[in-house]
1. Could you pull out the residue among Ala377, Ala341, Ala362, Ala315 that is within 22 Å of Gln136 (Cα to Cα) and in contact with a helix residue (DSSP H, G or I) (Cβ under 8 Å, 6 or more places away or on another chain)?
2. Here is a check on your reading of the model: is Val97 at pLDDT 85 or above and of a type in the set (A, V, I, L, M, F, W, C)?
3. So is Gly351 surrounded by 24 or more Cβ atoms within 10 Å (Cβ to Cβ), in contact with a Phe, Trp or Tyr (Cβ under 9 Å, 6 or more places away or on another chain) and closer than 30 Å to Ser204 by Cβ or not?
4. Pick from Ala290, Ala262, Ala237, Ala269: which is modelled with pLDDT under 90, over 19 Å from Gly36 (Cβ atoms) and either part of a helix (DSSP H, G or I) or among the hydrophobic types (A, V, I, L, M, F, W, C) (or both)?
5. Can you name the number of the only condition in (1) more than 21 Å from the chain's Cα centre (by Cα); (2) over 20 Å from Leu245 (Cα atoms) that Gly368 fails?
6. If you take the residues in the stretch 259-294 that are of a type outside the set (A, V, I, L, M) and open to solvent by less than 30 Å² (accessible area, probe 1.4 Å), which one is farthest from Gly160 (Cα to Cα)?
7. What are the residues in the stretch 385-395 that are surrounded by fewer than 21 Cβ atoms within 10 Å (Cβ to Cβ) and modelled with pLDDT of 90 or more, if any?
Amino acid sequence: MAEKEGKLEEEPQESILKQPKAVWAVAFACVVAFMGLGLVDPILPAIATQLHATPPQVELLFTSYFLVTGVTMVVTGAVSSRLGYKTTLLSGLGLIVLFSALAGASSGVAGIVLFRAGWGLGNALFIATALAVIVQLSNAGTERAVILYEAALGLGISVGPLLGGALGGISWRGPFFGVAALMLVGFAGLFFMLPRLEKPEHRSSLADPFRALGHRGLLTLGLTALCYNFGFFTMLAYTPFPLHLGAHALGLIFFGWGVLLAITSVFAAPRIQARFGTLPTMYAMLALIALDLLTMGLGVSSRPVLIAAVILGGAFLGINNTMITTAVMQASPVERPVASAAYSFVRFVGGAIAPFLAGKLAEWFYPGVPFFVGAVATAASVLVLFSGRAYLKKV
């Protein structure tokens, strides 16, 4: 009997890699979609130089992307419940293809910022629905489906800078056209491999995500993510400027950051969670991210310090991302797409100001200040999470 129980316990460990083809098709599209987060990192200095823009102006590429992603998250549930999951996913991918290509063809920073906003719209439709689809189609259970989703996120974030650095070394337009081409492949994969899924039992309204935030557990996690994403986005979008390196070197650095993020989210996070629990692990990771940003602020004039801190930060972010995404799926009684939309609305809209503000703070004061502000915001996320612990007993 003990042997049978042991075998039953081992099955979920094996099943995470034995998914239906449709799950892998969505996961591949997730990888490409998440490339958009770090794709432009290596080419930010090049865009600033060649298009005669200031760092805060170039940082708007991130702000417009994250802001529109967050705002449109609230409509994703209403859209997917009417169009169906497959149509919503394909619509999101189609918009990413269109606007990434338009950004590559743009002749000025204002145009790129505008088209990145359109890219954010497609991204919102896709990522809010993709997680729900992976969880629905996966045969590994919710927690392992989330790990698979986070692995796709980490791989996309890691490959994005590497691709951006490689293509950006040729032209700053290259990364945008590269994503458009890859997303066409993802679009074709979903079109042919993803079955037409049943629509949700009832249609979501635009008010549903806001009602969901009335659940204190979900609101706590959203506000926690808002604060820590302020530090996350500062590290992601601002660091290329004080590093003063070319596109290839920046691509390799952020590739290392993304690889650690992916590895820890898949392999380290489940082990640490099993040993210490979700909330204690999140407290520790958020504190370490804050300390990492503080180190970057103190060592802003040292290139080795910044490089080491960025890469190490990927490990902390990978573990925390998996913890908080799993917690969101467990904490709220509402449907997963609605919970995901509500949570993402808070974290993206709140964190969208970080890239632009980081550039301005560096102009107003000195280069280390954005990291200090990011460290304070991330430290605040620990307090927010702790204050709402009573509402997270199910996590």
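1. Numbers: Ala377 fails: within 22 Å of Gln136 (Cα to Cα); Ala362 fails: within 22 Å of Gln136 (Cα to Cα); Ala315 fails: within 22 Å of Gln136 (Cα to Cα).
The match here is Ala341.
2. Numbers: at pLDDT 85 or above: yes; of a type in the set (A, V, I, L, M, F, W, C): yes.
So Val97 passes the test.
3. Values: surrounded by 24 or more Cβ atoms within 10 Å (Cβ to Cβ): yes; in contact with a Phe, Trp or Tyr (Cβ under 9 Å, 6 or more places away or on another chain): yes; closer than 30 Å to Ser204 by Cβ: yes.
Considered against the rule, which asks whether it is surrounded by 24 or more Cβ atoms within 10 Å (Cβ to Cβ), in contact with a Phe, Trp or Tyr (Cβ under 9 Å, 6 or more places away or on another chain) and closer than 30 Å to Ser204 by Cβ, Gly351 comes out as yes.
4. Residue meeting the stated conditions: Ala269.
5. (2)
6. So the first thing to find is which residues in the stretch 259-294 are of a type outside the set (A, V, I, L, M), and the list is 264-265, 267, 270-271, 273, 275-278, 280-281, 283, 292.
From what is left, the residues that are open to solvent by less than 30 Å² (accessible area, probe 1.4 Å) are 264-265, 277-278, 281, 292.
Details: Thr264: 18, Ser265: 17, Gly277: 31, Thr278: 29, Thr281: 27, Asp292: 22 Å.
The selected residue is Gly277.
7. Going through the stretch 385-395, the residues surrounded by fewer than 21 Cβ atoms within 10 Å (Cβ to Cβ) turn out to be 386-395.
Matches in the stretch 385-395: Phe386, Ser387.
Residue-by-condition table, conditions (1) over 17 Å from the mean Cα position of the chain (by Cα); (2) open to solvent by 10 Å² or more (accessible area, probe 1.4 Å); (3) over 20 Å from Leu167 (Cβ atoms):
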residue: His52; (1), (2), (3): yes, yes, yes
residue: Pro56; (1), (2), (3): yes, no, yes
residue: Thr76; (1), (2), (3): no, no, yes
residue: Leu90; (1), (2), (3): yes, yes, yes
residue: Gly94; (1), (2), (3): yes, yes, yes
residue: Ala105; (1), (2), (3): yes, yes, no
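The values are calculated or read from the model by the stated rules, or taken from the named source; none is laboratory data. It should be emphasised that the depicted structure is a prediction, and the values quoted were computed from it without experimental measurement. Don't worry about glycine lacking a Cβ; one is built from the backbone with ideal geometry, like all the others, and counts go over all protein chains shown. Only protein heavy atoms, including side chains, enter the accessible area calculation; ligands, DNA and RNA are left aside. Shrake-Rupley method; radii C 1.70, N 1.55, O 1.52, S 1.80 Å.
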